[in-house]
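Asks: My structure is below; once you've seen it, I'll send some questions.
Nothing in this text is a laboratory measurement; each read-out follows from the coordinates by a stated rule. Quick caveat: nothing in here was measured; it's all calculated off a predicted structure. As a convention, Cβ positions derive from the backbone with ideal geometry for all residues, glycine included, and neighbour counts pool all protein chains shown.
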Amino acid sequence: MLPIIKPQQLVAIYPDKNLILIDARTGPQAKQNYSSEHLAGALFVDLEIDLAQKSADPANGGRHPLPPISEFAKLLGELGITPESHVVVYDDKNGANAAARFWWMLRAIGHTNVQVLDGGYQAALAAGVPVNSGEEATIKQPPYPYTTWQLPTATIAEVAQAVQNPDAVVIDVREAARYRGETEPIDLIAGHIPGAVNIPFAGNLAADGTFLPSEVLQRNYKQALGNRTATDVIVHCGSGVTACHTILAMEQAGLGIPKLYVGSWSEWSRNDRPIATEL
């Protein structure tokens, strides 16, 4: 199953008894926006509460460290997600925010039947997916069966080694101005990990906010990675959320799933590690 689903494909299978829609929109008004209007049947997940476990100090794991897998498994059960569920997740940031993070976490717990909605909420509305308001009923299930996180991640020490290894590549998916150190709207220090290459996640998208065709994504990333495979690649962003957009794009391109540096710049920049700028 490809990790991205077109709105028209969703319309063709909607509704289905195994289909579970997830609304992963973010921001201070996200839950209110969901209550006001969401795709009919969709259940809300909160990036800050459900998809991360905040630590008192972002130097320890960054701003969005993963929650304990047992807590995530419990959440999936409360959402009614079982190994048989077909999960489709959307946000309103072209899949670049919490939708891709939720996709990555589901894949990491071992659930393969999950897709991100191409174009997000806006594209679904344009395609005629019905909407609803208020809360949605769900049939709660036991916690999702799990063993451990099954997708590769990298520690801060592994990232420090990788940027010194010519056979590896560390991709920074933040916008170029943040990478160059011209601005830093969220974290304490501007700049980038020395040796990391900047491939902004926005390059995964066409002008209309949908993902580029798989063959174009494949060509673009092969050009950037050379002979390296996904196992040689570590992807990071500010806090391990938007990086999942690039991981999603690489999987859509048939290149496999690289390592996610969950702590990302929010961790690196708080640990007296070397910092580079292009000012």
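Asks: By how many degrees, 0 to 90 and rounded to 10, does the Cα axis of helix 98-109 deviate from the longest principal axis of the chain?
Replies: 90 degrees
Asks: In debye, nearest 20, what is the charge dipole magnitude of the range 130-279 about its Cα centre with +1 on Lys and Arg Cβ and -1 on Asp and Glu Cβ, if you could check? Display every interim value, and only then the final one.
Replies: On the way: 10 positive and 16 negative charges, 51 e Å.
With only Lys, Arg, Asp and Glu charged at Cβ, the dipole is about 240 debye.
Asks: Let me ask something else about it. What net charge do the residues around ARG25 carry, taking every other residue with its C-beta under 14 Å from that of ARG25, with Lys and Arg at +1 and Asp and Glu at -1? Walk me through the intermediate numbers first.
Replies: Numbers: positive: LYS31, LYS93, ARG101; negative: ASP23, GLU37, ASP46, GLU48, ASP50, ASP91, ASP92.
Value of the local net charge: -4.
Asks: Please tell me the relative contact order of the range 1-58 in percent, rounded to the nearest whole number, where contacts are Cα pairs under 8 Å and at least six residues apart. Present the calculation step by step, with values, prior to reporting the outcome.
Replies: Values: 32 pairs, mean separation 18.2, N = 58.
Answer for the range 1-58 is 31 percent.
Asks: Roughly speaking, what is the centre-to-centre gap between the range 10-60 and the range 162-213 when only Cα atoms are used, to the nearest Å?
Replies: A separation of 25 Å, based on Cα centres.
Asks: State the label only: which of (i) 0.97; (ii) 1.10; (iii) 2.20 corresponds to Cα Rg over 2.2 N^0.38 Å computed from the shown model?
Replies: Step by step, Cα Rg over 2.2 N^0.38 Å for this structure corresponds to label (i).
Asks: Please determine, in degrees from 0 to 90 and to the nearest 10, the orientation of helix 243-252 with respect to the longest principal axis defined by the Cα atoms of the chain, where the helix direction is its Cα long axis.
Replies: Its long axis makes an angle of about 70 degrees.
Asks: Right, next: Just want the ordering: SER214, SER269, from fewest to most Cβ atoms lying within 10 Å of their own Cβ. Intermediate results must be reported in sequence, preceding the final value.
Replies: Values: SER214 16, SER269 23.
Sorted ascending by nearby Cβ count, the order is SER214, SER269.
Asks: Continuing with the same structure: Could you pull out the pairs from LYS54/LYS259; LYS54/LYS93; LYS31/LYS74; LYS31/LYS259; LYS93/LYS140 whose alpha carbons sit more than 25 Å apart here?
Replies: Working: LYS54/LYS259 21 Å; LYS54/LYS93 22 Å; LYS31/LYS74 20 Å; LYS31/LYS259 31 Å; LYS93/LYS140 28 Å.
The pairs that break the limit, which is 25 Å between Cα atoms, are LYS31/LYS259; LYS93/LYS140.
Asks: Under 5 Å between amide hydrogens, which residues at least 5 positions from LEU43 or on another chain qualify, with H placed 1.01 Å from N in the peptide plane?
Replies: Close amide H contacts, sequence-distant or interchain: LEU21, ILE22, ASP23.
Asks: When the chain is fully extended, how far beyond the present Cα-Cα distance does SER214 get from ASP16, taking 0.36 nm per residue of separation? Show your work: numbers first, answer last.
Replies: Working: separation 198, 0.36 × 198 = 71.28 nm, distance 2.66 nm.
Additional length available on full extension: 68.6 nm.
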